[in-house]
Amino acid sequence: MHDAASIIAAKRDGRELSGAEIDWVVEAFTHGVVADEQMSALAMAIYFRGMTREEVSRWTTAMISSGRRLDFTHLGRPTVDKHSTGGVGDKITLPLSPLVAACGAAVPQLSGRGLGHTGGTLDKLEAISGWRADLDTSEMAEILSDPAIGAVVCAAGADLAPADRRLYALRDVTGTVESIPLIASSIMSKKIAEGTEALVLDVKVGSGAFMKKLDDARELAQTMVDLGNDAGVRTLALLTAMDTPLGLTAGNALEVREAVEVLAGGGPSDVVELTLELAREMLKAAGIDGVDPADKLRNGAAMDRWRAMIGAQGGDPDGPLPKARHTEVILSETEGVVCGVDAMAVGLAAWRLGAGRARQGEPVQAGAGIELHAKPGQRVSAGTPLATLHTDTPERFTSAKMSLAGAWTIVADAPTVTTPLVIERIEEPSG
């Protein structure tokens, strides 16, 4: 017979939990037998003591077993998904999902809302008039099986890994969000439960990411690759740079506009590059050969899928995107070459302008955010616009500008240095 206090004490003292103990505590927590304060204590013990690969795998399986696991094998085409650990200006899911669908895969993309400095995919898409994030399984299957669509981006249902949903809420208020075993199991329990056959992980590293250090990002990526492959999901990870914001926008409607530019064959080069890189990895993981996703951007096939996908979820792909009522331009005070734009500073400023939320459930401003005019490698003069701030509430400008103080590093002269977006690729399970 198990009890919560003994399991908490065991992990506190550094003992590896047995499979039976993990199964019991997750199930008991799901049904209210283990109280929130007890699970919070266990999360803190895990934060300090960590978990072995076997513990994390069993913990993830228990999270999945707390709810339902979807099955899309009846679609008749391979399923593949992508997950990003979150960054600033990371609108890649928006062009990527319809692009990969245009190449022949089905893409069941369960996404989330933003919290803090990182934007949420659902918040961005909700800037589109009429678009809805909440779909039931039958609606997902209908959209995925439609030969003209094949991709869906929506919120995870309440019956998908409900234990993780409850635990995440506790971690957010108890200082245990940064635990790598808990991050990995949280992400992978939902991704495995969604029923995808293959998964590509985009693990961000740098100032604007949750993982600031390469070693931490590598550990998280390897842990998730192990969990996916242990569960029978072909999983690989790319470590990608997040010291500089992706693209030229951070916000909701602003990022949708930029994603549509990419689908139309334009857009910032870094967003296009990472979208194509991830698309190729997803197609490879799905076993689809002989299709170049760049062709699908050029010939309009990806745009057609985008329009169909948005329409299938109630959105108007031709509707005007919201615009903030107030803008303010930040000008350079010096002359020189931009050699750095701090992603974290930009993300915090966008959040303070109203693009993000401080706690779950708060509303966001669809039109709020930042439009960048100068990124690394660009020469500026005194008075050159560096960014335009967007918000409905102009009293927010002061705090946003405080966040951006020193965000641009400008030097008299700087060599052209090309920093690769993709730092490392992890595919093989450890051990």
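The values are calculated or read from the model by the stated rules, or taken from the named source; none is laboratory data. Just so it is clear, the structure is predicted and the values come from calculations on it, not from any experiment. We place every Cβ from the backbone using ideal geometry, glycine too, and count neighbours over all the protein chains shown. Side chains are part of the model used for accessible areas, which takes the heavy atoms of the whole protein and leaves out ligands, DNA and RNA. Shrake-Rupley method; radii C 1.70, N 1.55, O 1.52, S 1.80 Å.
For the reader, a short list of remarks on this structure follows.
- Dipole-positive endmost among T393, A193, A35 within the chain (Cβ charges, Cα centre): T393
- Hypothetical label at H74: residues of the stretch 122-143 whose amide nitrogen lies under 13 Å (7 Å Cα-Cβ projection): 137-143
- Over the chain, accessible surface divided per residue gives 40 Å², non-protein components excluded, 1.4 Å probe.
- Placing unit charges on the Cβ atoms only, positive for Lys and Arg and negative for Asp and Glu, gives the stretch 48-168 a dipole magnitude near 400 debye about its Cα centre.
- DSSP bridge orientation in the chain - percent antiparallel, rounded to nearest 5: 55 percent
- Only Lys, Arg (+1) and Asp, Glu (-1) charged, at Cβ; the chain dipole about Cα centre in debye: 440 debye
- For I423, nonlocal amide neighbours, meaning residues 5 or more places apart or on other chains whose placed amide H falls under 5 Å from its own, are L239, T240, A241.
- A simple charge model with +1 on the Cβ of Lys and Arg, -1 on the Cβ of Asp and Glu and nothing else charged puts the dipole of the stretch 142-242 at about 300 debye relative to its Cα centre.
- Given charges at Cβ of Lys, Arg, Asp, Glu: the chain dipole, positive-most of C103, T249, A155: T249
- Seen through its C-alpha gyration tensor, with square-root eigenvalues sorted a ≥ b ≥ c, the stretch 293-431 comes out oblate because a/c lies at 1.5 or above while a/b is not bigger than b/c.
- Karplus (6.51, -1.76, 1.60) ³J(HN,Hα), θ = phi - 60°, over the stretch 119-135, in Hz, Gly and Pro reported as x: x, x, 4, 5, 4, 5, 5, 5, 6, 7, 4, x, 5, 10, 8, 8, 10
- The portion of the accessible surface of the stretch 5-49 made up by carbon and sulfur, rounded to a whole percent, is 51 (1.4 Å probe; DNA, RNA and ligands excluded).
- As a fraction of the 1.4 Å probe accessible area of the stretch 346-431, surface on carbon and sulfur atoms comes out at 54 percent.
- Close amide-amide hydrogen proximity is noted between K82 and V200, each under 5 Å apart and 5 or more residues distant or on a separate chain (H modeled in the peptide plane; Pro and chain starts excluded).
- Each Lys or Arg adds one and each Asp or Glu takes one away; over the other residues whose Cβ falls under 11 Å from the Cβ of E55, this sums to +2.
- Mean residue ellipticity (222 nm) of the chain, computed from DSSP H runs ≥ 4 via -39,500 (n - 2.57), nearest 500: -12500 deg cm²/dmol
- Amide H partners (placed H, <5 Å) of A387, local residues excluded: I330, H373
- Using the Cβ of I22 as centre and a radius below 12 Å, the other residues enclosed give a net charge of -4, where K and R count +1 and D and E count -1.
- Net length gained if the chain between V173 and K323 were fully extended (0.36 nm per residue, minus Cα distance): 50.7 nm
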